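Visitor: Sharing a structure with you now.
Read the figures in this text as sums done on the coordinates, not as results from a lab. Keep in mind that what you see is a predicted model, and the values were worked out from it rather than measured. Every residue, glycine among them, receives a Cβ derived from its backbone with ideal geometry; neighbour counts consider all protein chains shown.
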Amino acid sequence: MIVFVSSLFSMFLLTVRSENKISNRLIASVLMIVAIDISSFFYHRFIDMPHILEMIRMDLPIFTSPLLYLFVLSVIYVDFKLKRIHLLHGLPFLISTLVYMPRFYLANAEARDAFFHSYHAHPETIFSIVMGHIQVIIYIIAIFVVLKKSKKIMLENYSNASTAKHDWLFQLNVISTCLFVISTSKNIFKRLNDDFETVNIARIIVAFLVLSFVCWLILKALYHPSFFRGIDSKLRSVQNLIAEDEASTNSNLGTEAVQQQIDLLKNHMQNQKPYLNPTLTIQDLANGLEIPVREVSILINHHLNQHFFDFVNEYRIQHAMEILKDTAKKQFTVLEILYEVGFNSKSSFNTAFKKYAHLTPTQYRKNNS
């Protein structure tokens, strides 16, 4: 079932027309590796695989973590492209191959057969397994770091930022981590326990969990056929911008100059109402103020101590509250109001409104009618 479902979904991802070709190909590659790896449960009953191909198959899962990492990057960053430098992610596979080279790949058929019969007893195997586990842990941590960093940058630069994509990728990494822990525990149990029946049950449990993971991945793709807006990989967090300013020879703006810019910003928000634009970005706001985007970013995220996302939504909610209190606009539905003030999602509007007013829009209208 795992082999069939993974292979079928991979073929779909590789052939479907989409703007997310790189992301589709990366996750399709992960699923194909899963299918090839799981096929070891049964393929030997029908195919007498040469030992060299069998060794390559056993080493293929080394690519899973790097491919997942690149998949996360491709989903988050709208300008992501595969480059030659990404080939460095294949170094663990190359190292593993070189380690096996003297006593396996370059050996004669008889020596390879003997190597396979005592596979787990060789130092090359122990080295490869330990390296593979360390690699997985490093990539798991790297994915969590990337998600945290990109989520912060999105909130600092986009007024219509959606964290649904990050939440989904976070779930993906958590589930992958759980599968890694369970699979590793199964392998340790297998080493310490010679009971074949018990070990086989553990393998079946792991296989069932992998099947559940693949099905969950497919369901997520069905419910969310298109990914949310990506961010530019060149964007940096405000902390980095401030650190660069402090390191440069140019002095920062004085308190009076900062206050003048804050007043200019607030007047612009109240009079020009740029927040009514549902796709407003910090670059758009900087263009309207005729102030460098770097200064606007530091002004909002550092001096006002708010994410750009929260800063803009506060004005949108205040505008919505005025409409909800206006008895002449009672005929306006909540859906009409949220689109009117710049939101493009009912769930994000309700969340932001409750965060600011501590009431739902309906409750607020009822209390002020």
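Visitor: Filter the DSSP H helices in the chain by two things, a Kyte-Doolittle mean of at least 0.0 and an axial alpha-carbon span of 30 angstrom or more, and list the hits by number.
Guide: Span-like helices here: 123-157, 164-192, 196-223.
Visitor: Then there's this: Within 10 Å of each candidate Cβ there may be at most 15 other Cβ atoms; applying that plus a DSSP loop requirement, which trypsin sites (Lys or Arg not before Pro) in the range 20-126 survive?
Guide: Working: sites: LYS21, ARG25, ARG45, ARG57, LYS81, LYS83, ARG84, ARG103, ARG112; in loops: LYS81, LYS83.
Answer by residue number: LYS81, LYS83.
Visitor: Then there is this: Take the chain, mark every one of the GluC sites (Glu not before Pro) that falls in a DSSP loop and has at most 10 other Cβ within 10 Å, then report the longest stretch left between them, sites excluded.
Guide: Details: sites that count: GLU19, GLU290.
It works out to 20-289.
Visitor: Follow-up. To check my understanding: the extent here is largest minus smallest coordinate of the Cα atoms along each principal axis. What are those three numbers for the range 86-228, in Å, largest first?
Guide: For the range 86-228, the Cα spread along each principal axis is 65, 38, 25 Å.
Visitor: Please state, rounded to one decimal and in Å, the Kirkwood hydrodynamic radius that the range 1-61 gives when every pair of distinct Cα atoms enters the mean of 1/r.
Guide: Kirkwood hydrodynamic radius for the range 1-61: 12.5 Å.
Visitor: Who wins for biggest fluctuation among ALA352, ALA320, ALA109 in a Gaussian network model of the chain, springs between alpha carbons below 10 Å?
Guide: ALA109
Visitor: Okay, next question. Only loop residues by DSSP count here, and only those with at most 11 other Cβ atoms within 10 Å; note down the trypsin sites (Lys or Arg not before Pro) in the range 275-369 that meet that.
Guide: Those that pass, being in a loop and sparsely packed, are LYS330.
Visitor: If you take the beta carbon distance between TYR119 and ASN350 as r and set R0 to 56 Å, what does 1/(1 + (r/R0)^6) give as a FRET efficiency, to the nearest 0.05?
Guide: Numbers: r = 57 Å, r/R0 = 1.02.
That pair, TYR119 with ASN350, gives E of 0.45.
Visitor: Let me ask something additional. When the chain is treated as a GNM, springs tying every alpha-carbon pair under 10 Å, which of HIS307, HIS122, HIS166 comes out with the largest mean-square fluctuation?
Guide: In the Gaussian network model the winner is HIS122.
Visitor: Treating cross-link reach as a plain straight distance, find the lysines whose alpha-carbon is under 21 Å from the alpha-carbon of LYS330, omitting any fewer than eight places away in the same chain.
Guide: Within the straight-line cut-off, LYS330 pairs with LYS346, LYS354, LYS366.
Visitor: Further question on the same structure: If exposed means no more than 11 neighbouring beta carbons inside 10 Å and the site is in a DSSP loop, what's the longest run of the chain without any exposed chymotrypsin sites (Phe, Trp or Tyr not before Pro)? Walk me through the numbers before you get to the answer.
Guide: Values: sites that count: PHE42, PHE46.
Excluding the exposed sites themselves, the longest stretch runs over 47-369.
Visitor: For the chain, what does -39500 (n - 2.57) per DSSP helix run (n ≥ 4), summed and divided by total residues, give at 222 nm, in deg cm²/dmol to the nearest 500?
Guide: Helices in the chain give a 222 nm mean residue ellipticity of -22000 deg cm²/dmol.
Visitor: From zero outward in steps of 10 Å, how is the percent of C-alpha pairs of the range 76-130 spread across the bins?
Guide: Result, from short to long distances: 20, 39, 18, 15, 8, 0 percent.
Visitor: With all distinct Cα pairs included, what does the Kirkwood hydrodynamic radius of the chain come out to in Å, to one decimal, could you say?
Guide: Averaging 1/r across every pair of different Cα atoms and inverting gives 24.6 Å.
Visitor: Whole angstrom only: what separates the Cα centroid of the range 342-369 from the Cα centroid of the range 32-51?
Guide: Answer, in whole Å: 55.
Visitor: Follow-up question, since we're still on this one. Bin all alpha-carbon pair distances of the range 1-114 at 5 Å intervals from 0 and give each bin's fraction as a whole percent.
Guide: It works out to 2, 11, 16, 19, 18, 15, 10, 6, 3, 1, 0, in whole percents.
Visitor: What is the distance in Å between the Cα centroid of the range 105-173 and that of the range 274-294?
Guide: Here the answer is 39 Å between Cα centres.
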